[in-house]
Amino acid sequence: MESTQSSDPAHSQAHASELTIEKSDAIATVTLNRPNKRNALSLELLGELDSRLHELASDQETRVVILRAAGPVFSSGHDLKQMIARSREEYEELFTQCAKSMQRLRQIPQPVIAQVQGLATAAGCQLVASCDLAVASEQSWFATPGVKIGLFCTTPMVPLMRAIPPKVAMEMLMTGEPLAAQRAYELGLINRVVPLSELEDATRELAIKIASASRDTVAIGKSAFYQQASYSEADAYSFAVEVMTDNSMRPDAKEGISAFLEKRDPVWKP
């Protein structure tokens, strides 16, 4: 795999210590790399994640992004040391950057798959819920325990209640009790549960399947999926008709249909 880093020395040092990116076979693997801090989402790490995702968005060679974490914990949420005795402006900066980074996961054209090996709590759970897909080990747990320390997980609530039934989300938010991986799978928070030893291979297998499709087509579909979600059924159909009409006019659609009829593999545009 090719590891990418910034040319700026100061930026490279932060990048190397908190976030790494490797690229192979049209897949970019982004790794949260603060294992000694349980991959807590500091303001700096959130900003770096946002910046790197923004860069990947325009990378024509990257078709899928895997988001993983070093160490036994996926992410424990916000770095609580940055949340003691701060000004209103500082709290707002932190939560605004968090919201921006989470939305960036949805905004980039490539599908993002969370590879969850262990505990994902608070903003860490938010991170999983914000990804397009998620594969988790049997050892993973998901929780929004902010209520236990006097801080309701209001921002994690946003993607969580859109990923699982509202009453289940409310119980998680009100009690702080965790969901085991199998229960999270049953509720739709994650797509697959596998033994820890198979996690990397299972995630990459899913990524490779997606990467074999047209990058342009997948990007159209990802954008449309989220955009129509808040529409009425009638408005969603009107929107979908326009999107699918536009999609049908694209080179990869013409190539894909021709390849199917000619019984050959399609050749997608770069």
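Just so you know, all these numbers are worked out from the coordinates, no wet-lab data involved. All values derive from a computational prediction rather than experimental measurement. Cβ: placed from backbone, ideal geometry, glycine included. Neighbour counts: every protein chain shown.
Can you sort Leu179, Leu80 so the residue with the fewest Cβ neighbours within 10 Å comes first? Provide the component values of the computation, followed by the final result.
Working: Leu179 23, Leu80 12.
Lowest count first: Leu80, Leu179.
May I ask for the angle, rounded to the nearest 10°, between helix 154-163 and the longest principal axis of the chain, with both axes built from Cα atoms and the value confined to 0 to 90°?
It is inclined by approximately 40 degrees.
Using only DSSP helix segments of four residues or longer, with each worth -39500 (n - 2.57), what per-residue ellipticity at 222 nm results for the chain after dividing by its residue count and rounding to 500?
After summing the helix terms and dividing by residue count, I get -15500 deg cm²/dmol.
Give a residue-ordered list of calculated ³J(HN,Hα) values for the range 203-210 (Karplus: 6.51 cos²θ - 1.76 cosθ + 1.60, θ = phi - 60°; whole Hz; x for Gly, Pro).
With coefficients 6.51, -1.76 and 1.60, one gets 5, 5, 4, 5, 4, 5, 4, 5 Hz.
Taking R0 as 35 Å, what's the FRET efficiency between Val241 and Gln103 from their Cβ-Cβ distance, rounded to 0.05?
Working: r = 26 Å, r/R0 = 0.75.
It comes out at approximately 0.85.
Among Pro165, Ala236, Ala120, whose Cα sits farthest toward the positive end of the charge dipole of the chain (+1 at Cβ of Lys/Arg, -1 at Cβ of Asp/Glu, about the Cα centre)?
Of the candidates, Pro165 comes out farthest on the positive side.
Based on other C-beta atoms within 10 Å, arrange Asp216, Asp265, Asp25 from fewest to most.
Fewest-to-most ranking of Asp216, Asp265, Asp25: Asp265, Asp25, Asp216.
Compute the acute angle (0 to 90°) between the alpha-carbon long axis of helix 88-107 and the principal axis of greatest extent of the alpha-carbon atoms of the chain; round to the nearest 10°.
Compared with the principal axis, the helix lies near 20 degrees.
Quote the charge dipole size of the chain about the Cα centre in Debye, to the nearest 20; the model charges only the Cβ of Lys and Arg (+1) and of Asp and Glu (-1).
About 400 debye.
Would you please give the residues with an amide H less than 5 Å from that of Gln139, counting only those at least 5 places away or on a separate chain, with H modeled from the backbone geometry?
The list, which skips near neighbours in sequence, is Leu196.
When a/c reaches 1.5 or more, the comparison of a/b and b/c decides; with that in mind, is the range 2-211 rounded, prolate or oblate per its Cα gyration tensor?
Oblate, since a/c reaches 1.5 and b/c is not below a/b.
For Leu43 and Leu80 in one chain, what is 0.36 nm times their gap in residues minus the Cα-Cα distance, to one decimal in nm?
Result: 12.2 nm gained on full extension.
Under a GNM of the chain (C-alpha, springs under 10 Å), which listed residue has the highest mean-square fluctuation: Phe152, Phe142, Phe239?
Most flexible of the set in this elastic network: Phe239.
If we count other beta carbons within 10 Å of each Cβ, what is the order of His78, His54, fewest first?
So the ranking, lowest neighbour count to highest, is His54, His78.
Using a Förster distance of 35 angstrom, determine the FRET efficiency expected from the C-beta separation of Leu187 and Ser258, and round it to 0.05.
Between Leu187 and Ser258 the formula returns 0.30.
Which of Ser87, Ser76, Ser197 moves most in a GNM of the chain, Cα contacts under 10 Å?
Sorting by GNM fluctuation, first place goes to Ser87.
For the chain, take the longest principal axis of its alpha carbons; what is the angle in degrees between that and the long axis of helix 166-175, to the nearest 10 within 0 to 90?
20 degrees
Taking a ≥ b ≥ c as the square roots of the eigenvalues of the Cα gyration tensor of the range 88-231, is the shape rounded (a/c under 1.5), prolate (a/b larger than b/c) or oblate?
Taking the square roots of the gyration eigenvalues as a ≥ b ≥ c, the range 88-231 is oblate.
If I take every Cα pair under 8 Å that is 6 or more residues apart in the chain, average their sequence separation and divide by the length, what percent do I get for the relative contact order? All intermediate terms of the calculation are to be shown ahead of the outcome.
Values: 468 pairs, mean separation 40.3, N = 270.
Relative CO of the chain lands at 15 percent.
Treat every Asp and Glu Cβ in the range 18-155 as -1 and every Lys and Arg Cβ as +1, leave all other atoms uncharged, and give the resulting dipole magnitude about the Cα centre to the nearest 20 debye. Walk me through the numbers on the way to the answer.
Values: 14 positive and 16 negative charges, 81 e Å.
Roughly 380 debye, rounded to the nearest 20.
Whole-Hz Karplus ³J(HN,Hα) for the range 254-262, in order, using 6.51 cos²θ - 1.76 cosθ + 1.60 and θ = phi - 60°, x for Gly and Pro?
Along the range 254-262, the couplings run 4, 5, x, 5, 4, 4, 5, 5, 8 Hz.
Between the range 43-112 and the range 227-270, what is the separation of their alpha carbon centroids in Å?
30 Å
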